[in-house]
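The values are calculated or read from the model by the stated rules, or taken from the named source; none is laboratory data. Computed from a predicted model, the values in this text were never measured in an experiment. All Cβ positions, even for glycine, are placed from backbone atoms using ideal geometry, and neighbour counts span all protein chains on display. Just so you know, the surface numbers come from the protein's heavy atoms only, side chains and all, with ligands and any DNA or RNA stripped out. Shrake-Rupley method; radii C 1.70, N 1.55, O 1.52, S 1.80 Å.
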Amino acid sequence: MAGEFTDYLEADDWKDAAAIVGLIRFFDYAQIPYNKEEIARARETYDDDSEYDEGLDVLKFNAADITDEKLDAFIEDYFSTELHHCAAERALHKAEWPKEEMDFINGKLTANTVMKKIFAKRKFDGTNAEELLALIEENRTVIVRETFRNKSNLYRNFCNENVFRKPKGDTARLKGYYVDFAKKGKSVSYRYDMGLFSSSDSEFYDFIPFAFTIGRESFFINDNSTIRQLVHTNRILQDKCREQRENQPNGIVDTRRVLFENIIYASDFLNYDVEIIKKHVDNSYFETFFLRRESIAIFQQIKNYNVFCRTAKLDDSYVSVLEQVTDSVRNLQLLDDFIVALIKDDTNKKSANNAILIWNMIGLNIQIRDKLQIGGENMNKGMRSAYAGAEKAAAVLKGRNQGNKISSYRTKLLSALIFHDYDRFSEILLSLSNYTDVYFPFAYDLFEDFEANKDAAYTFVSNFNEYSREKTETEETDNKVWDEV
C-alpha cells in the first residue's frame, strides 16, 4: 500500500497537523485514496520492544488526485451554510415567497463582490426563480471559489487570499507567517541577512481552514499523538458546533462555548495536556495556548456553566464573562480584578444583579488558588463565615433602618480592595463588627494572610448589601460549591 502513494505529511507541528485533518476530510468526501487503513489500526501507545508503525502520524496520498473540480465541490458542500449562493439557491427552490423571503434572496444575491458582479442587474421578483437558478449554475465555480477565498471567516481568515491554490512559496501562506518579499525585502531577516531567514510553506496549507471550527473565534485542537486521535478529537468539536448551529435561529455558533462545554461535560473529550490553536477574525495572526490538565480539572468541576455565558456592562463597555473565565482558568490566573469590578458595578448601581455570577466566580477563584497552592487552609470554613456574617450584619443595620450605613461600609470596604489596602480593609471590618455587635470569625484568617484568603473578603463585600432579593434555585445549588472545593 505504501508504494502506491507519492506524497506524505507528518503531524510534527500544528500547521501540518491541521492540514492533515483538512486533507482527510476532503479525501473522505471526494473518495480519494490515502493510507486510511494504516491510520485506523495505528495503536496509540507502544511497548519498548514493539515495532514503530509509521502510520502513527503520517498521512500518505497522491497530490495529483487533488483537482480543482473536486475541491470546489467539497468547499460548496462543507461550507454550504457559509456560502451566500447556497442560501439563495435553497430559498429559490421554494414554492412561494413572502416579501421577507424575497428580501432575503435579494440580499444574498448581492452579499459580496462576486455575487454583485453576477446579479447586480437581476433582482428576484417572484417570477424569475428559474432564471436566477440557471445563472447560479452557470457561474457556480467562480462563485464558490471567490466567496471561499475572500470571505472574512473562511480562507481569508487563515491564509493570504492571493495565494490560494498556488504552488509552494518562499514563506508560509498563513496569516501572521506570510511575508511579501517585494515590499518587506531584507527587513524581515535578522541583521538584514536573508540567509538567516527561515520560513516554510506548503500548498497543502490551503486545507487548514477545513480543520478549524468556523466562527468569530475558530479553534483547532492539536491532539496529534496519532492521526486517528487528531481526527477524532476535532471531529467531536466540529459535530458539536454543527449541532449548535442547527439549534440556533440565526445559525450563529459560539465556538468558544462549544469547546469548553465539551471539556466540562464530555469526560472522554480531553483529559490531558493539549495544544489549542485559535484564530480570531479581527486578528491577523494565530494564537496558541497550552491547556493543562490542572485547568481541565477545574473546568470539569464547574456545575453551572451557563451562569458564565453572558456579557457584563462595566462602566461604558461590555465584557464577555465567558472569555474572562475561560482565559483565567486555562492560564491559571486569578479572577480577582474581574470580581472586584463586578462588585463595584453592583455598588454603583445599588443592585445585586451580579451576585450569583460573583458567587460562582469566587468558587472558581478558590479552585485556581488550590492549583497554585496559595489558598488558606480554612478557606471553605472562611467562605461560609463571610457569607453568613455579611447577611447577619446587613440584617442588623436594616433592622435599625440604617441602610445608608450598609452602603457607606460597603463602599469603604470595596475601595480598600480596589487599592489593595488590606490593613484599611481589616480596620473597617473591625469597626463594622463593633458597630453591629456581629462576630466575624473569618476575619482572623484575613489578619493572618489576607492575600491567601482574599476570596472570603470578596464574598463578604458582595453579600453585604441593602438590596433585597430572593434566592433562586440556581443559587441554592451553587451554595454547594464550597463542599466540592
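Assigned to a loop (DSSP other than H, G, I, E, B), open to solvent by 20 Å² or more (accessible area, probe 1.4 Å), touching a residue at least 12 places away in the same chain (Cβ under 8 Å) and under 21 Å from Leu417 (Cβ atoms): does that describe Gln324? The answer is no for Gln324. Count of the stretch 201-234 residues, restricted to those that are free of Cβ contacts under 8 Å to residues at least 12 places away in the same chain and within 16 Å of the chain's Cα centre (by Cα), is 0. Out of Ile214, Ile252, one residue alone is within 25 Å of Asp72 (Cβ to Cβ), among the aliphatic types (A, V, I, L, M) and out of contact with any helix residue (DSSP H, G or I) (no Cβ under 7 Å at 6 or more places or on another chain). It is Ile214. Scanning the stretch 282-321 for residues that are open to solvent by less than 10 Å² (accessible area, probe 1.4 Å) and assigned to a loop (DSSP other than H, G, I, E, B) yields a total of 0. Do any residues in the stretch 92-116 that are within 18 Å of Ser152 (Cα to Cα) and free of Cβ contacts under 8 Å to residues at least 40 places away in the same chain have Cβ atoms under 9 Å from those of residues that are among the basic types (Lys, Arg) and open to solvent by 70 Å² or more (accessible area, probe 1.4 Å), where the two are at least six apart or on different chains, and which pairs are they? Every condition considered, the pairs that remain are Leu109/Lys116; Leu109/Arg122; Leu109/Lys123; Thr110/Lys116; Thr110/Lys123. Within the stretch 13-27, no residue satisfies the criterion of being outside any helix (DSSP H, G or I) and over 24 Å from the mean Cα position of the chain (by Cα). So which residues in the stretch 257-281 are modelled with pLDDT under 95, open to solvent by 10 Å² or more (accessible area, probe 1.4 Å) and either hydroxyl-bearing (Ser, Thr, Tyr) or part of a loop (DSSP other than H, G, I, E, B) (or both), if there are any at all? Answer for the stretch 257-281, where residues must be modelled with pLDDT under 95, open to solvent by 10 Å² or more (accessible area, probe 1.4 Å) and either hydroxyl-bearing (Ser, Thr, Tyr) or part of a loop (DSSP other than H, G, I, E, B) (or both): Tyr265, Ala266, Ser267, Asp268, Asn271, Tyr272, Asp273. Residue-level check: of (1) under 31 Å from the mean Cα position of the chain (by Cα); (2) at pLDDT 95 or above, Phe440 misses just (1). Of everything in the stretch 37-86 that is buried (at least 18 other Cβ atoms within 10 Å of the Cβ), in a helix (DSSP H, G or I) and at pLDDT below 95, the residue that is farthest from the chain's Cα centre (by Cα) is Glu38. Can you spot a residue in the stretch 375-388 that is more than 25 Å from Val307 (Cα to Cα), among the acidic types (Asp, Glu) and modelled with pLDDT of 95 or more? No; the residues of the stretch 375-388 include none that is more than 25 Å from Val307 (Cα to Cα), among the acidic types (Asp, Glu) and modelled with pLDDT of 95 or more.
Which one is least open to solvent (accessible area, probe 1.4 Å), of the residues in the stretch 327-350 that are free of Cβ contacts under 8 Å to residues at least 12 places away in the same chain and acidic (Asp, Glu)? Per the stated criteria, the residue is Asp327. Scanning the stretch 367-421 for residues being charged (D, E, K, R), crowded, with 22+ Cβ neighbours inside 10 Å and not in a helix (DSSP H, G or I) gives a total of 0.
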